[in-house]
1. If the requirement is being of a type outside the set (Ser, Thr, Tyr), within 27 Å of Asn553 (Cα to Cα), more than 31 Å from the chain's Cα centre (by Cα) and in a loop (DSSP other than H, G, I, E, B), which of these qualifies: Gly218, Gly243?
2. When you look at Ala43, is it surrounded by fewer than 19 Cβ atoms within 10 Å (Cβ to Cβ), part of a helix (DSSP H, G or I), out of contact with any Pro (no Cβ under 7 Å at 6 or more places or on another chain) and small (Gly, Ala, Ser), yes or no?
3. Can you spot a residue in segment 521-531 that is over 22 Å from the mean Cα position of the chain (by Cα), among the aromatic types (Phe, Trp, Tyr), surrounded by fewer than 24 Cβ atoms within 10 Å (Cβ to Cβ) and over 23 Å from Pro501 (Cβ atoms)?
4. Tell me which residues, restricted to segment 445-459, are β-branched (Val, Ile, Thr) and closer than 18 Å to Pro501 by Cβ.
5. Within segment 1-40, which residues are over 30 Å from Gly336 (Cα atoms), of a type outside the set (Phe, Trp, Tyr) and surrounded by 19 or more Cβ atoms within 10 Å (Cβ to Cβ)?
6. Give the residues of segment 297-306 that are under 14 Å from Gly91 (Cβ atoms), among the hydroxyl-bearing types (Ser, Thr, Tyr) and exposed (fewer than 15 other Cβ atoms within 10 Å of the Cβ), sorted by residue number.
7. Name every residue in segment 194-221 that is surrounded by fewer than 20 Cβ atoms within 10 Å (Cβ to Cβ), touching a helix residue (DSSP H, G or I) at 6+ places or on another chain (Cβ under 9 Å) and over 30 Å from Tyr548 (Cβ atoms), in order of residue number.
8. Looking at this structure, is Gly541 assigned by TED's automatic domain parsing to the domain that holds Ile414 and buried (at least 17 other Cβ atoms within 10 Å of the Cβ)?
Amino acid sequence: MKKKTKIILVIALCLCMISMIGASAFQSSCGAVTVKDLNVVLANGKSVNAQIYIPKGASEENKVPLVVLSHGSYNNLDHQDLNMIELSRRGFVVISLDEYNHGSSDNEVADASIFSSQAMRQIIDYACASYTFIDTDRIGVGGHSMGGIISNATVQYYFAQEALGLGENKVSAVLDMGYEPAYEAYTFEGVETPVELAIDWGVICAKYDEWFFKDENGDPRGYLENPNAITFINQLDGVDISGSVENHKIYTGTINGEEYIRVINQNVEIHPLNHFSKNSCRDVINFFYAAFGVPSGYSEIPATDQIWQWKEFFNLVGLVGILLFLFPFASMLIHGTSFFGELLHKEPAPAPALSDGKKKAKYWIVYAINTILPALLVVPVMYKWVGRKIGVPYTFNKWFGEPNTNELAVWTAIVGVALFLVFVIANRIGNKEKGIPDCWGVKASVRVVWKSFLLALTTVGAAYVILFFADLVFNVDFRIWVIDMRVFNVQKILYGIAYWPAFAVFYLVNSMLVSGGNRVEGRPEWKTILLSCLSNILGIGAIIFIQYSTLINTGVFTFNSMRVVNLFPLIFLIPIGTIITRRFYKETGNIYAGSFAISMLYTMMTVANTMHLATVLG
């Protein structure tokens, strides 16, 4: 094992530890907030995973408001990090939960129940019964996208209970992030007159939202002038606006003689940035300050004074550390054990030469096809074939229970097979040599392939030992925005086994293309890596650019929004995977160990971080 590799391994481990300490410090506002995991068994026997942030100033003698937050579909409770941190450091108790079928919570039947308010309501009941420091007269709910739907359903449920004389309304403020509010009074069977929306209500919307706030032409940009937005504000007596809602203005008026607020915050961002935005976080803070006031025992902190970005930075440091960890750890096993020592291959096969114009032309034609082909297959495979032209992923079964992962896995495997066929056919054209060239890294004994698999499994397993340690001791994980390496349960392991082969196909082919195609005689290593990474991202990057440049300029969506949003992580993950698999190839002379390792890691990251609508466990 080279000295440089040992140094990188030490740096990787140091980065992981720095990440744990730094992320934990900012998550807890340097000890001013206690962060705890909750696993609440609800009345229906289902278990809901949640996290609670408790300010140290909260006590039975000093009760403070409670805000319960919910994430969007295909996400998990971590996506409310910014709001949990910023509200809790200002004196609010905050709970964020994994909704049914998400994160580490149990499954519910795969129908409209995924939008049920049951989990949120019972978390509120649990909190009120368990914690004496909560001011039960100041309970707010909020959620992003699907979480907005659930928040609205929670409010509607409590209004119905109160109107029918079955219980009291426990929620006094609701904030929709990336979802539209109720525009009309509620009507309930058995209640003669409509029930006015007597509650503080706010909205956060993206100017370029992919799903909501659209006019009759499907354009979300002009929501502040939309009749629905004006109707929402005019729910308040004493407020009568026309033409346009003033952005960020907190309107105050009365409903049934009591004072309430309405506000719409439109920020220049897209839907997935609602939960990773300084502006949206500012609006969350301002809304709950306006609804509940400054919690007792706390001084007002300006909404622009935010620290959550530092936690995200340290989360990213950990993610970088884990990715740096993979190859040095594997190299240590190869050099330090006789079992894996068999994989060491000091002299990889020489690169092919582009000796004449025809070979150069063929090379660049194949390169162009490999760059364009993955992008061309996105809509036909994800949306039309697997997705059956449904607006969001919803194809699943017992064994493959994650709709989002199903589309990504099938597309990834098909892209891998297509790229392989293009490369093989092109290699055979005008090539007098028979058989598989050694530089492809494909030739290996069954014994070597098996040991490569075990090496990858051991390496990725070690990486997750670090992650589970971070979760157990520091209550943090490694991630940035929508790229998330988080802990998982047995259900997710089973899905990882089911989906791994599809991702392995792509990374095996990708590694073969890098070392057997883009690596040519006389080309510097850095240029090989650069060309490979560009080929990985230019096509899907073009789709993203077309989608959002068109949206910004015209308000029109070129492609299905969900399938484009799903490409965001790949812009970063595929090039990183390419670099890592190349390092493994140079150590072992074959494509197996690196491709197995990166595909295992990415598979578990994917299955642990999205919605599951079925369960192998029954």
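The values are calculated or read from the model by the stated rules, or taken from the named source; none is laboratory data. A quick note: this is a predicted structure, and the numbers were derived from the prediction, not measured. Cβ coordinates were reconstructed from backbone atoms using ideal geometry, including for glycine residues, and neighbour counts include every protein chain displayed.
1. One residue alone meets the criteria, Gly243.
2. Details: surrounded by fewer than 19 Cβ atoms within 10 Å (Cβ to Cβ): yes; part of a helix (DSSP H, G or I): no; out of contact with any Pro (no Cβ under 7 Å at 6 or more places or on another chain): yes; small (Gly, Ala, Ser): yes.
Spelling it out, it is not the case that Ala43 is surrounded by fewer than 19 Cβ atoms within 10 Å (Cβ to Cβ), part of a helix (DSSP H, G or I), out of contact with any Pro (no Cβ under 7 Å at 6 or more places or on another chain) and small (Gly, Ala, Ser).
3. yes
4. Val446, Val449
5. Our first condition is that a residue be over 30 Å from Gly336 (Cα atoms); within segment 1-40, this holds for 21-40.
Of the ones still in play, those that are also of a type outside the set (Phe, Trp, Tyr) are 21-25, 27-40.
Listed by number, the residues that qualify are Gly22, Ala23, Ser24, Gln27, Ser28, Ser29, Val33, Val35, Val40.
6. If the condition is that a residue be under 14 Å from Gly91 (Cβ atoms), among the hydroxyl-bearing types (Ser, Thr, Tyr) and exposed (fewer than 15 other Cβ atoms within 10 Å of the Cβ), then Ser299 is the only one that fits.
7. Result: Val195, Ala198.
8. Against the criterion (assigned by TED's automatic domain parsing to the domain that holds Ile414 and buried (at least 17 other Cβ atoms within 10 Å of the Cβ)), Gly541 does not qualify.
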